[in-house]
1. Tell me the relative contact order for the range 2-93 as a rounded percent, counting alpha carbon contacts under 8 Å between residues six or more apart.
2. Place +1 on the Cβ of every Lys and Arg and -1 on the Cβ of every Asp and Glu in the range 2-93, take the dipole about the Cα centre, and give the residue among 24, 5, 48 whose Cα lies farthest towards its positive end.
3. For n ≥ 4 DSSP H runs only, could you compute -39500 (n - 2.57) per run for the chain, divide by its residues and tell me the 222 nm figure to the nearest 500?
4. Spelling out what I want: for every residue of the range 83-94, take phi, set θ = phi - 60°, compute 6.51 cos²θ - 1.76 cosθ + 1.60 (Karplus), and round to whole Hz; glycine and proline get x.
5. I need the peptides 20-27, 2-9, 52-59, 65-72 ranked by packing, meaning the mean over residues of other C-beta atoms within 10 angstrom, with the highest value on top.
6. Given N residues in the chain, what is its alpha carbon radius of gyration divided by 2.2 N^0.38 Å?
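Any read-out appearing in this document is the output of simple, stated calculations on the displayed coordinates, not a laboratory observation. Given the structure is predicted, the values throughout are model-derived calculations rather than measurements. Cβ sites come from the backbone with ideal geometry, for glycine too, and all protein chains shown count toward neighbours.
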Amino acid sequence: LRFFADTFFAKRYGHRAVVLETVAAVPGMVGATLNHLRALRRMKDDGGWIRTLMDEAENERMHLMTFIEVCKPTLFERFVVIAVQWVFYLFFFG
């Protein structure tokens with residue numbers, strides 16, 4: 001995977017950071033979703049994990065907003081971000 005990233009981004013490290021920050025928010029969001037659904041099924045409190053995981057995803061989102069302001073990704077890079085998010089989201093959900 002690194003070969004493809006190196007080929008696509010070359011020396012544009014800010015653009016690479018945008019994609020990485022987008023992917024970094026996925027585990028927290030998936031974890032919060034799964035904990036939320038488990039708490040609903042069991043009708044029990046989760047002990048605060050949902051909020052903790054959502055806060056982590058929000059933290060990664062704020063990093064992403066910062067990098068977007070710095071490097072202004074192109075339309076194609078935005079499409080790549082959407083595709084990578086779907087792949088990682090499905091991977092973590094599966």
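1. Values: 71 pairs, mean separation 39.2, N = 92.
Answer for the range 2-93 is 43 percent.
2. Of the candidates, 5 comes out farthest on the positive side.
3. Details: 5 runs with 79 residues, N = 94.
It lands at -28000 deg cm²/dmol.
4. 3J(HN,Hα) across the range 83-94, in whole Hz: 5, 5, 4, 4, 4, 5, 4, 5, 4, 6, 6, x.
5. Numbers: 20-27: 19.0, 2-9: 10.4, 52-59: 15.5, 65-72: 13.4.
Taking the mean over residues of other Cβ atoms within 10 Å, the ranking is 20-27, 52-59, 65-72, 2-9.
6. On the way: Rg = 15.5 Å, N = 94, 2.2 N^0.38 = 12.4 Å.
Against the empirical 2.2 N^0.38 Å value, I get 1.25 for the chain.
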